[in-house]
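**Q** Structure provided below as structure tokens; questions to follow.
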Amino acid sequence: MMERVKDRATQYWLLARFDKPIGILILLWPALWALWVASSGKPNTLVLTVICLGVVLMRAAGCVINDYADRDFDPHVERTKQRPIAAGKVTPKEALLFFVVLTLCAFALVLLLNIYTILLSFVGAFLAASYPFMKRYTQLPQAYLGIAFGWAVPMSFSAQMNAIPAVAWVMYLAVILWALVYDTMYAMVDKDDDLKIGVKSTAILFGDYDRHIMAVLQLIILALLITIGVMQQCGWAYYLSVICAAGLSVYQQCLIFHRNKAHCFKAFLNNNWFGLAIFIGLVVDYWLR
């Protein structure tokens with residue numbers, strides 16, 4: 001009996017991707033950027049706790065609904081064929097129930113915040129639930145992922161300030177484009193399989209110009225980050241972090257240059273350091289003030 005319970009818990013853990021925290025981190029960094037800017041480096045403890053836990057829960061929920069949506073595709077993709085639903089270890093009905101539980105837990109946390117943020121959470125839930133189905137209808141599912149992942153930015157500003165200033169929307173745009181870049185790197189790993197089964201992605205849409213388009217997007221992201229610094233009157237620490245982020249962007253371009261799958265995945269993972277670099281810059285900048 002205990003072995004069965006342990007196995008079920010393990011399968012749900014894997015379904016929610018708790019064994020792969022990279023998704024939590026690249027979703028968490030923008031939320032923390034937003035909180036630090038919104039609070040001038042002194043976020044409310046309750047808001048910080050709710051946002052961080054909410055990120056963990058909604059990322060898990062997003063992974064679950066993604067696997068539910070892709071249950072007919074995943075068995076045919078090398079990287080995903082051992083996922084719990086694809087491998088038959090969790091039923092689609094169980095996955096849907098798990099998604100509902102995770103989403104309700106996240107919503108319970110949001111109820112501790114202001115009304116504005118509670119209302120915004122409904123948009124966030126819709127974006128998270130609908131994203132996995134976009135790869136059937138649009139060539140730009142990675143952009144939709146950015147819209148969904150980036151929603152943590154206006155929610156963080158709303159939770160801290162009960163308002164969403166102009167700088168929040170600049171940051172939101174930067175995060176949307178950042179997600180478009182790193183998820184395209186991720187999609188490059190599955191490009192061959194996606195072409196066979198008819199799944200759409202920017203890695204396919206961009207074709208031979210994938211590296212060039214991502215390079216342009218990375219330049220725009222850096223320009224938007226500089227704009228945020230100007231709007232917030234940031235000092236040298238923040239701009240040093242932007243320079244570090246620029247160096248990481250160059251490194252990622254080097255990794256994907258030959259479109260080697262392992263190196264493309266490594267470039268995707270490297271974006272964790274990109275997000276961390278900007279966060280450290282903000283923390284140090286506000287601390288020095």
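Throughout, read-outs are computed from the coordinates displayed, never taken from laboratory work. What you see is a predicted model; the values in this text were computed from it and never measured. Note: ideal-geometry Cβ built from the backbone for every residue, glycine included; neighbour counts use all protein chains shown.
**Q** What is the Cα centroid distance between segment 129-161 and segment 228-289, reported in whole angstrom?
**A** Using only Cα atoms, the two centres lie 21 Å from each other.
**Q** Given 10 Å bins starting at zero, what is the percent of C-alpha pairs of segment 127-170 in each, up to the one with the largest pair distance?
**A** Reading the bins upward from 0: 28, 39, 26, 7.
**Q** Which of R211, R59, R289 comes first, and how do the rest follow, when ranked by fewest Cβ neighbours within 10 Å?
**A** Values: R211 17, R59 25, R289 11.
Fewest-to-most Cβ neighbours within 10 Å comes out as R289, R211, R59.
**Q** At a Förster distance of 41 Å, what's the computed FRET efficiency of L219 paired with R79, Cβ-Cβ distance as r, to 0.05? Can you show the working numbers first?
**A** Values: r = 30 Å, r/R0 = 0.72.
FRET efficiency, L219 to R79: 0.90.
**Q** Here's a follow-up. Helix hunt in the chain: which complete DSSP H runs extend at least 15 Å axially by C-alpha with mean Kyte-Doolittle at least -0.5?
**A** On the way: long enough: 2-15 (20 Å, -0.77); 22-38 (24 Å, 2.20); 45-69 (36 Å, 1.70); 92-110 (27 Å, 2.01); 115-130 (23 Å, 1.97); 166-189 (36 Å, 1.74); 210-231 (31 Å, 1.89); 236-256 (30 Å, 1.21); 261-288 (41 Å, 0.81).
Helices meeting the criterion: 22-38, 45-69, 92-110, 115-130, 166-189, 210-231, 236-256, 261-288.
**Q** At a Förster distance of 51 Å, what's the computed FRET efficiency of Y137 paired with L288, Cβ-Cβ distance as r, to 0.05? Please list the in-between numbers first.
**A** Details: r = 47 Å, r/R0 = 0.92.
FRET efficiency, Y137 to L288: 0.60.
**Q** Looking at the P(r) of segment 124-207, how many percent of alpha-carbon pairs lie beyond 23 Å? Let's see the in-between values first.
**A** Working: 970 of 3486 pairs.
Across segment 124-207, Cα pairs with separations above 23 Å total 28 percent.
**Q** Rounded to the nearest 0.05, what FRET efficiency is calculated for A166 and K93 with R0 set to 45 Å and r the Cβ-Cβ distance?
**A** Numbers: r = 45 Å, r/R0 = 0.99.
FRET efficiency, A166 to K93: 0.50.
**Q** Under unit Cβ charges (Lys, Arg +1; Asp, Glu -1), what dipole magnitude, rounded to 20 debye, does the chain have relative to its Cα centre? Walk me through the numbers on the way to the answer.
**A** Details: 23 positive and 17 negative charges, 55 e Å.
With only Lys, Arg, Asp and Glu charged at Cβ, the dipole is about 260 debye.
**Q** Further, regarding this structure: Could you bin all the Cα-Cα distances of segment 41-197 into 10 Å bins starting at 0 and give me the percent of pairs in each, rounded to whole numbers?
**A** 11, 36, 33, 16, 4
**Q** For a quick check, take a GNM of the chain with Cα springs below 10 Å and name the residue from A168, A16, A262 with the largest mean-square fluctuation.
**A** Of A168, A16, A262, the most mobile in the Gaussian network model is A262.
**Q** Would you mind pulling out the separation of the Cα centroids of segment 74-119 and segment 45-59, in Å?
**A** Cα centres, segment 74-119 to segment 45-59: 16 Å.
**Q** Please give the length that would be gained between V230 and A9 if that part of the chain were fully extended, namely 0.36 nm times their separation in residues minus their C-alpha to C-alpha distance (nm, one decimal). Walk me through the intermediate numbers first.
**A** Numbers: separation 221, 0.36 × 221 = 79.56 nm, distance 4.77 nm.
Using 0.36 nm per residue and subtracting the Cα-Cα distance, I get 74.8 nm.
**Q** Could you work out the mean projected area of the convex hull around the alpha carbons of segment 1-102, in square nanometres to one decimal?
**A** Working: hull surface 31.1 nm².
One quarter of the hull surface, i.e. the mean projection, equals 7.8 nm².
**Q** With the radius of gyration and the Kirkwood radius both derived from the Cα set of the chain, what is their ratio Rg to Rh? Numbers along the way, then the final one.
**A** Numbers: Rg = 19.0 Å, Rh = 19.5 Å.
My calculation puts Rg/Rh at 0.97.
**Q** Springs between alpha-carbon pairs under 10 angstrom, Gaussian network model over the chain: which of D72, D193, D183 fluctuates most?
**A** The residue that fluctuates most here is D72.
**Q** Still on this model: For the chain, what's the relative contact order in percent, using C-alpha pairs closer than 8 Å and at least 6 residues apart? Intermediate values should be presented prior to the final figure.
**A** Working: 381 pairs, mean separation 59.3, N = 289.
That works out to 21 percent.
**Q** Next question. Of S241, S130, how do they rank once you tally other Cβ atoms within 10 Å and put the fewest first? Before the final figure, lay out the partial values.
**A** On the way: S241 24, S130 13.
Ranking S241, S130 by Cβ neighbours within 10 Å, fewest first, gives S130, S241.
**Q** Hey, rough spin-label estimate for Y239 and L112, points 7 angstrom out along Cα→Cβ, what's it come to in nanometres?
**A** For the pair Y239/L112, the computed spacing is 3.9 nm.
**Q** Would you compute the Debye intensity of segment 194-284 from its alpha-carbon atoms alone, equal scatterers and no solvent, and pass along log10 I(q)/I(0) at q = 0.11, 0.22, 0.23 Å⁻¹ to two decimals?
**A** Per q value, in the given order, log10 I(q)/I(0) is -0.38, -1.07, -1.13.
**Q** Could you quote the convex hull projected area for segment 203-247, Cα atoms only and averaged over all directions, in nm²?
**A** Numbers: hull surface 13.8 nm².
Directional mean of the projected Cα hull area for segment 203-247 stands at 3.5 nm².
**Q** Also: Name the most mobile residue of K89, K266, K196, meaning the one with the largest mean-square fluctuation, in a Gaussian network model of the chain with Cα contacts below 10 Å.
**A** The residue that fluctuates most here is K196.
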